[in-house]
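The values are calculated or read from the model by the stated rules, or taken from the named source; none is laboratory data. Predicted, not measured: the structure shown is a model, and the values here were computed from it. Note that we place each Cβ from the backbone using ideal geometry, even for glycine, and neighbour counts take in every protein chain shown. Ligands, DNA and RNA are stripped out before the accessible areas are found, and what is left, the full protein with its side chains, is counted by its heavy atoms. Shrake-Rupley method; radii C 1.70, N 1.55, O 1.52, S 1.80 Å.
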Amino acid sequence: MDNDEKMNRGLFTNIAEQYEELSKSHKMIADYLNNNYDKVANMTAAKLADIVGISESTVVRFATAIGYPGYPEFQAAVQELSKNRLTTVQRIDMEDDYTDKEFDMNTVLKKDIDNIRAILDRVDNKEFNKAIQMIIESRKVYIIGLRSSNALAEYLGFYLRVVLEDVQVISLGISDVFEQLVRIRENDLLIGISYPRYSKRTIEAVKYAKNQGANIIAITDSELSPLKRYADYSLYAKSNMLSFVDSLVAPLSLINALIVGVGLKQKSQIKEYFDELEKMWRTYNVYDRIYDE
């Protein structure tokens, strides 16, 4: 098995299969990692070496021994694992460094800026435009995003209804998710939105839609997302925020771009739609008329 295959199989899977063959020092790292992966996620090689009581070079050799090109790639794998496994309580505990200090708003804003910048590196523009075309050509568009992702799903649905005739946002309510998807078929599209910790119901709904022959667009955080395996197109935006809060700023920015892209290709239909809306808004006093004067 080559290193690329090892990297794709998962961090703990690789360690478990090679554990008996690891040196004593490497087993010490593996044991510490198993119980403290949330802490290791943000440790330098030197810091991890100091805590375990070994040399920094031994930590680097451990990373290569279990299938990673170097420590940065190993740390990235730990960060992905940590992001997907951390409970809310664990994430709160990781904020201890800030509890005795004045909160700096810039920390949050800079993280959001970094997450938005990362979209440019992770989303191929040609693939993005193919996703736009798939939305336009679909018979019906379904959108699902549960828990915190529901805000994203509703926002996307609100604006796609302006552009397209048949858009349905799947929600948890009187009807079960699958009852709302029971008529999905070929030529339909399901846009699945999910972020760590991934909603099991969303994954099941996307899998069901795929089995019914529908097309799938996934809006999620990374190639490791469980939605990727079912998606025709995957659009990535990070939600990274070292807090109990998942930041939806970058995903929302990606969704804005998607809405604008669809809108520009349906410009004439949008104009007609808004002409009718303006008449209705005036008739029923939807907006404060003082701003129309």
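Checking (1) 14.9; (2) 20.5; (3) 25.3 against mean projected area of the Cα convex hull in nm² calculated from these atoms, the matching label is (2). You can think of it this way: the chain between ARG282 and GLU223 has 16.5 nm of extra reach, that is 0.36 nm per residue less the Cα-Cα gap. A crude spin-label estimate for the pair ASP31 and GLU272, with each label 7 Å from Cα along the Cβ direction, gives 7.2 nm.
The distance between label points at LEU172 and TYR19 comes to 3.4 nm (points 7 Å beyond Cα on the Cα→Cβ vector). Taking 19 Å as the limit for the C-alpha separation, the pairs LYS140/LYS228; LYS126/LYS207; LYS47/LYS110; LYS228/LYS265; LYS126/LYS265; LYS207/LYS265 exceed it in the case of LYS140/LYS228; LYS126/LYS207; LYS47/LYS110; LYS228/LYS265; LYS207/LYS265.
Less than 5 angstrom separates the built amide H of ILE143 from those of GLN168, VAL169, ILE170, ILE191, all sequence-distant by 5 or more or on a different chain.
Within a Cβ distance under 14 Å of LYS210, other residues only, what is the Lys/Arg minus Asp/Glu net charge? Neighbourhood net charge equals 0.
As a fraction of the 1.4 Å probe accessible area of region 15-85, surface on carbon and sulfur atoms comes out at 49 percent. Using only side-chain charges placed at the Cβ, +1 for Lys and Arg and -1 for Asp and Glu, the dipole size of the chain relative to its Cα centre rounds to 580 debye. For THR107 and ALA76, what does the FRET efficiency come to when R0 = 22 Å and r is the distance between their Cβ atoms, rounded to the nearest 0.05? For THR107 and ALA76, the calculated efficiency is 0.55. Ligands, DNA and RNA are left out, and with a 1.4 angstrom probe the accessible area of region 182-255 is 42 Å² per residue. Placing unit charges on the Cβ atoms only, positive for Lys and Arg and negative for Asp and Glu, gives region 113-207 a dipole magnitude near 200 debye about its Cα centre. The calculated 222 nm mean residue ellipticity attributable to helices in the chain amounts to -17500 deg cm²/dmol, summing -39500 (n - 2.57) over DSSP H runs of n ≥ 4 and dividing by all residues.
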